[in-house]
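Structure first, then comments.
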Amino acid sequence: VVLFMAWKKIASCVAELLAAGRSPETPAAVIYRGTSASQKTLISTLERLPGDIAKEKLVPPLLVILGDVVLLRKELAWFESRPLFGLRVLMTRSPQGAGQYASELRELGAEIAFAECTEVVAATADQVKGVETAARELHRYDWLFFTSANAVRYFFAVLDGLQMDSRDCAGLHIAAVGQATAGALSARGLRADLLASGKSGAELAQLLCNKVKNEAKSARILFPRSAVGRKEPVEILEAAGLRCDLVTPYNNRSIDEISPLLRDSLAKLKGGQIGAALFFSPSQVHALIQIDPSLKSHLVAIPVVAAIGKTTAAALEGHGIEVQVVPTKLSGKSLAEQIAYAFSSRSG
């Protein structure tokens, strides 16, 4: 027997069941906020159930289960046995942008609190002119260097405005980071010649340097990116003697308005309900603290903080926030496993 929404009438429900012949010792379970980081399970018997619910001060949402199936809880407790059960992870991306990172964390039992604090916007008129100038001279370049799907989409949007398309990239080699970027290229009928699957822009830059060096060639590289993009890829490329031209087809900026989803996540952060946080860029670090400087003290108190890359970690540490996880392999599964390991190390 499963009782939904029976909190107010649990005493009368129990009385009716007992009167109908159910044994007072019928196993009973009450699940509070099932499948969330706040999930709790109370084991009792039918007769003691109302008193135990009151004693534990459980309130809705509750699910009540009555019957011998409760005795199989240890065998059937698939959710509570996951390594990140009970952990709420603050993630500075939207649900749509979190992708594999969120799904792999959920697979290990975590609950995600989305805190999107930056947004992608179109480039300024002057920035677009710079992209257009480079686009008209694509034949002068050897490589296109993409570190995000946004860079691909906004770069080709500028080409569209010039009545250009993928055919104008004929003869160019393409370097890209990650499957999302590769997917954006594929939508344009293009395939990366050099793909750093799940790696950072800095690692892609090093791969490109090694490739050019092995082929004993020089290279001129066009690098479309946000104005606040990481500096490491450019430094690596230029240190190897390669010419890297930066253009800005889009920008990242702090959000103008706080969404209800972000407001709820920040309330959880201030309430001490966040066990881990994941940042994807330095701009997200600065933007979140800019929203409310008092958040810094709450971020410092989070047991496990993860940063995608050394630059993001440096931004966090610049605010006095210790970073426990900087993944060596940038994939959702690997990152989730590293957060789980760091959390278990801190908690036990």
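The values are calculated or read from the model by the stated rules, or taken from the named source; none is laboratory data. Predicted model only: the values in this text are computed from it and were never measured. So basically every Cβ, Gly included, is an ideal-geometry build from the backbone, and we count neighbours across all protein chains shown. Keep in mind that these areas ignore ligands, DNA and RNA; they rest on the heavy atoms of the full protein, side chains included. Shrake-Rupley method; radii C 1.70, N 1.55, O 1.52, S 1.80 Å.
Kindly provide the helix-only [θ] at 222 nm of the chain, computed as the sum of -39,500 (n - 2.57) over DSSP H runs of four or more divided by all residues, to the nearest 500 deg cm²/dmol?
Details: 14 runs with 141 residues, N = 348.
Dividing the helical sum by the residues of the chain leaves -12000 deg cm²/dmol.
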At 1.4 Å probe size, with every protein chain present, just tell me what the per residue accessible area of the chain comes to in Å².
51 Å²
Convert each backbone phi in region 270-282 into a coupling constant with the Karplus relation 6.51 cos²θ - 1.76 cosθ + 1.60 (shift: θ = phi - 60°), then list the ³J(HN,Hα) values in order as whole Hz, x for Gly and Pro.
5, x, x, 9, 10, x, 7, 9, 10, 10, 9, 7, x
Cα centre as origin, Lys/Arg/Asp/Glu Cβ charges: region 71-196 dipole, Debye
280 debye
Mind checking the dipole of region 160-220: about its Cα centre, +1 per Lys or Arg Cβ, -1 per Asp or Glu Cβ, Debye to the nearest 20?
200 debye
Once amide H atoms are built 1.01 Å from N in the peptide plane, which residues 5 or more positions from Leu278, or in another chain, come under 5 Å H to H?
Leu90, Met91, Thr92, Ala306
What percent do you get for the relative contact order of region 218-265 when only Cα pairs under 8 Å and 6+ apart count?
45 percent
Quick check: convex hull over the Cα atoms of the chain, volume per residue in Å³, rounded to an integer?
172 Å³
Along its three principal axes, how long is region 148-283 when you only count alpha carbons? Whole Å, largest extent first please.
57, 35, 22
Integer Hz, Karplus 6.51/-1.76/1.60 couplings in order for region 306-319, x for Gly and Pro:
10, 10, 7, x, 5, 5, 5, 4, 5, 5, 5, 5, x, 9
What dipole magnitude, in Debye to the nearest 20, does region 37-143 give about its Cα centre under +1 on Lys/Arg Cβ and -1 on Asp/Glu Cβ?
280 debye
Among Pro224, Phe280, Leu66, the residue whose Cα sits farthest towards the positive end of the charge dipole of the chain, when +1 is placed on the Cβ of each Lys and Arg and -1 on the Cβ of each Asp and Glu, is Leu66
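What number, in percent, do you get for the relative contact order of region 155-218 if the mean sequence gap of Cα pairs under 8 Å and at least 6 apart is divided by its residue count?
Relative contact order of region 155-218: 27 percent.
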From the phi angles alone, apply the Karplus equation (6.51, -1.76, 1.60; θ = phi - 60°) to region 14-30 and give each ³J(HN,Hα) in whole Hz, x where the residue is Gly or Pro.
5, 4, 5, 5, 5, 5, 7, x, 5, 5, x, 8, 4, x, 9, 9, 10
Nearest 5 percent is fine: what portion of the DSSP beta bridges confined to region 1-119 is antiparallel?
80 percent
With just the Cα atoms defining each centre, how far is region 161-175 from region 1-67? Give it in Å.
64 Å
Please report how far the C-alpha centroid of region 220-280 lies from that of region 178-193, rounded to the nearest whole angstrom.
20 Å
Amide H neighbours of Thr118 at under 5 Å, excluding residues fewer than 5 places away on the same chain, with H built from the backbone geometry, are Ile255
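Percent antiparallel among DSSP beta bridges with both residues in the chain, to the nearest 5?
So the antiparallel bridges in the chain amount to around 40 percent.
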Counting only C-alpha contacts under 8 Å and six or more residues apart, can you give the relative contact order of the chain as a whole percent?
16 percent
Note the per residue figure in Å³ for the convex hull of the C-alpha positions in region 141-209.
76 Å³
With T = 20 °C, eta = 1.002 mPa s and Kirkwood Rh from C-alpha pairs, the Stokes-Einstein D of region 45-113 in µm²/s is about 144 µm²/s
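Leaving out ligands, DNA and RNA, what percent of the accessible area of the chain is carbon and sulfur, probe 1.4 Å? Walk me through the numbers on the way to the answer.
On the way: 9180 of 17770 Å².
Reported share for carbon and sulfur atoms: 52 percent.
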